[in-house]
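Report on the structure given below.
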Amino acid sequence: MNLSNIIKNIKTKEILNFKDIDIKGISYNSNTINSHEIFVCLKGEHVDGHNYAQSAFEKGAVALMCEKPLNIEIPQLIVESTQESIADLAAVFYHNPSLELNLMGVTGTNGKTTVAHLVQKIFEQDRKKCALIGTLGYKLSSTDDYLEAKHTTPQAPQMQRTLQKILKADVLNVITEVSSHALEQFRVKNCRFSGAIFTNLTQDHLDYHITMENYFNAKAKLFKGLGEGNFAIINNDDKYASRLIKLMNSKVNIITYGVKNASDITAKNIEFLSDGVNFDCCYKDKTINFKLHLNGMFSVYNCLAAIGAGIANNINLETIKQALEKTKSVAGRFEIVQTNPMVIVDYAHTPDGLENILHAARELTPKEGNLICLFGCGGNRDCTKRPKMGKIAQQLCDKIIITSDNPRSEDPQQIITDILSGLSLINPKTVFVEPDRHLAIKLLKEISNENDVLVLAGKGHENYQILADKTIHFDDREEVVKVFQK
């Protein structure tokens, strides 16, 4: 695309050294930039891209987008905010693919990944292609392998490029996870959403948002952008639901779901079994029984959210039922990886998420068995949730093992100390500490019996551990198989 075509559609403060050159791509990483690309000088939490512009130029950048003039003799688009303008640039460069797609977003503290996968299954059961973008990567169908993703929601250029690939593959429906970071950082700016799903809002990411009010306002941006003809699926049991509904355009088709509060879609007669959960789904004058291969009350909520998305897209309840009853757990989401004893791996890394999975695991724990949880908290992240998670684990489990979970540059022992501060009593027979996660899983085997249910929380699908100076391969599921089947 010629630079002149880009400039027509982007608001700039100033243009320096203009030359109508051909732009073949967008980059914001000087290490991976290719020849004939425009380099965007993003200002992040720790790094300022302006400091790497010279390096990007030497490696082939033919133009810059920056917030101040730089002493480099190539075209420079000076903008107010590179973080926002990169989204405008990406939309122009990839020809606004979302305008031709049925793009649906799911946001919330917990449940985004599972709900997205359930929605994809529902569309496919209705014989409609549906692509998925999220934490595990992106794929054009449920049977495809994931392509790598570095964020829950990709940066704007990757997002627009992915949507363009989906459109070129003749897939017209897309369900994407939308994180609060993505909304704050304009990653989905210029994405036209036909609908949005709200799962819940509980404490997380306060290291970034600082307050719950800021966190809510970030999530709300997705729903404020909806207009006439669009839909919103809202968890009516969440305390933020009514506020969210009031913020939306009155012409949005709002469908609420819940278990406790009166809602458009409700679940009644909920029964938890060893192989899943059964419930009656009530919508308008219809009641249909669902027999799921998913566990826990959180799975009921996730399914109700997906049912709402199906209904909003004119898919009948019987088709939705067939899709959900075929579905098994998503990788790393309440995934049972070992039996005798039962070992469950889950991504829960928030107080609410941990509480939900432990309640679900308790439902599967025999009377003569113990519920044991192994968990940690991430380094360089919200430290106020650490004692809360320690308190929850102690209250709901018979034994707990506190270990590391991506300590990053923080001292693992300090993170563990923060978790321990939430415990009412540290009994050496029920509370164990082992900073090395591999050794902690070995310890888990030593203190458990065949009738116990063991939960490894925090990492879920992740296959790495981020330490101070390196990232190593580490997968809870692989470690469990090594240790328990040895």
request  = Please work out, to two decimal places, the log10 of the ratio I(q)/I(0) at q = 0.23 Å⁻¹ from a Debye calculation in which every Cα of region 3-93 carries one identical scatterer.
outcome  = -1.19
key: Gain upon complete extension [residue 141, residue 246; 0.36 nm per residue less C-alpha separation]   = 34.3 nm
query = In whole angstrom, and with the biggest value first, how far do the Cα coordinates of region 335-484 range along each principal axis?
reply = 42, 34, 26
inquiry  = If you take every DSSP beta bridge fully contained in region 335-484, what fraction is antiparallel? Give it as a percent rounded to 5.
reply    = 25
key: Positive-end residue, the chain charge dipole about Cα centroid, Cβ charges, pick of 295, 196, 344   = 196
inquiry  = Nearest 5 percent is fine: what portion of the DSSP beta bridges confined to the chain is antiparallel?
reply    = 35
message = Using the alpha carbons of region 419-463, what is the convex hull volume per residue in cubic angstrom, as a whole number?
response = 114
ask   = How much of the DSSP beta bridge set in region 97-326 is antiparallel, as a percent to the nearest 5?
value = 45
message = If you filter region 301-337 for trypsin sites (Lys or Arg not before Pro), then keep DSSP loop positions with at most 15 other Cβ within 10 Å, what is left?
response = 328
remark   = Given the candidates 412, 390, 433, the one whose Cα lies deepest towards the positive end of the charge dipole of region 383-486, counting +1 at each Lys or Arg C-beta and -1 at each Asp or Glu C-beta, is 390
Where GluC sites (Glu not before Pro) fall in DSSP loop in region 12-85, at most 15 other Cβ within 10 Å = 45, 73, 80
ask   = Magnitude of the Cβ-charge dipole of region 211-288, K/R +1 and D/E -1, about the Cα centre, nearest 20 debye?
value = 440
Whole-angstrom gap from region 256-278 to region 399-437, using each part's C-alpha centre = 35
inquiry  = Let me spell out the model: positive unit charges on the Cβ of Lys and Arg, negative unit charges on the Cβ of Asp and Glu, origin at the Cα centre of the chain. What dipole size does that give, in debye rounded to 20?
reply    = 880
query = Can you give the charge dipole size of region 1-151 about its Cα centre, rounded to the nearest 20 debye, using +1 on the beta carbon of Lys and Arg and -1 on the beta carbon of Asp and Glu?
reply = 380
note = If the chain between residue 24 and residue 274 were fully extended at 0.36 nm per residue, the gain over the current Cα-Cα distance would be 84.6 nm
note = Taking alpha-carbon centroids only, region 318-382 lies from region 1-58 a number of Å equal to 44
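Every number here is computed from the coordinates shown, using simple stated rules; none is lab data. What you see is a predicted model, and the numbers here were worked out from it, not measured in a lab. When we count neighbours, we look across all protein chains shown, and the Cβ atoms used for this are built from the backbone with ideal geometry, even at glycine.
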